[in-house]
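Q: This is the structure, below, for whatever I ask next.
The values are calculated or read from the model by the stated rules, or taken from the named source; none is laboratory data. As the structure is a computational prediction, the values presented were derived from the model and not from experiment. As a convention, Cβ positions derive from the backbone with ideal geometry for all residues, glycine included, and neighbour counts pool all protein chains shown. All accessible areas refer to the heavy atoms of the entire protein, side chains included, with ligands and DNA or RNA removed. Shrake-Rupley method; radii C 1.70, N 1.55, O 1.52, S 1.80 Å.
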Amino acid sequence: MVHALKHVHSMLQPEGQLINVHDIPVQHAIEVHSAGSVIKAGWLLDSADFDSERFAFNALAQVVSENYFMLVDERDFIVNLQADDIQELQEWLAGRWETAVIPENTVQRVDDILRQVGQSAHVVLKEPTRMTKLRAMR
């Protein structure tokens, strides 16, 4: 990743900016939302312990420390991903995030909650995300 960031640096105009968006390497909450209520169900885990996200943040820190970029701003926010049920969420994750793990007890809890609250409910995966703004140094 450091190599890629250095390559981006070489392509930017002087004082050009890079916006990097990555998931924050922490467990992601899984909730059930229904009629204005939010029920916490568990967490999505990562079998690789969020290594790729950690590597990405370390790469950003390295290119800043080596004066390729200057840190301009950081903003943390939550991306809410919605699914009709836990199976739909698992299918979506299977195509996007191969190391994502939803523990079986969380799957069961979500299914139980959905049966209790009815048809208008949906499953929400809360992805903590960080946007980092960097300026190319010359």
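Q: What shape does the stretch 26-97 take by its C-alpha gyration tensor, where a ≥ b ≥ c are the square roots of the eigenvalues and a/c under 1.5 counts as rounded, a/b above b/c as prolate, and the rest as oblate?
A: Numbers: a/c = 3.17, a/b = 2.04, b/c = 1.55.
Since a/c reaches 1.5 and a/b is larger than b/c, the shape of the stretch 26-97 is classed as prolate.
Q: Also, quick follow-up: Highest GNM mean-square fluctuation, the chain, Cα pairs closer than 10 Å: which of Gln119, Gln82, Gln27?
A: Looking only at Gln119, Gln82, Gln27, the largest GNM fluctuation is found for Gln119.
Q: Now a separate question. I want the local charge near Val101. Using Cβ-Cβ distances under 13 Å, sum +1 for each Lys or Arg and -1 for each Asp or Glu among the other residues.
A: Values: positive: none; negative: Asp46, Asp49, Glu98, Glu104.
Summing Lys/Arg as +1 and Asp/Glu as -1 gives -4.
Q: Moving on. Kindly report, to the nearest 10 Å², the accessible surface of Lys6 as traced by a 1.4 Å probe over protein heavy atoms only.
A: Its accessible surface works out to 60 Å², give or take rounding.
Q: Cα gyration tensor of the stretch 17-62, axes a ≥ b ≥ c as square roots of the eigenvalues: rounded (a/c below 1.5), prolate (a/b > b/c) or oblate? Intermediate values should be presented prior to the final figure.
A: Numbers: a/c = 5.44, a/b = 1.99, b/c = 2.74.
Taking the square roots of the gyration eigenvalues as a ≥ b ≥ c, the stretch 17-62 is oblate.
Q: Mind computing the radius of gyration and Dmax over the alpha-carbon atoms of the stretch 16-138? Å is fine for both.
A: So, for the stretch 16-138, Rg and Dmax equal 17.6, 60 Å respectively.
Q: With springs only between Cα atoms under 10 Å, which of Arg109, Arg54, Arg75 fluctuates most in a Gaussian network model of the chain?
A: The residue with the greatest mean-square fluctuation here is Arg75.
Q: Then there's this: Connecting C-alpha atoms closer than 10 Å in a GNM of the chain, tell me which of Ile102, Ile30, Ile39 has the biggest fluctuation.
A: So, out of Ile102, Ile30, Ile39, the one fluctuating most is Ile39.
Q: Using only DSSP helix segments of four residues or longer, with each worth -39500 (n - 2.57), what per-residue ellipticity at 222 nm results for the chain after dividing by its residue count and rounding to 500?
A: After summing the helix terms and dividing by the residues of the chain, the value is -11500 deg cm²/dmol.
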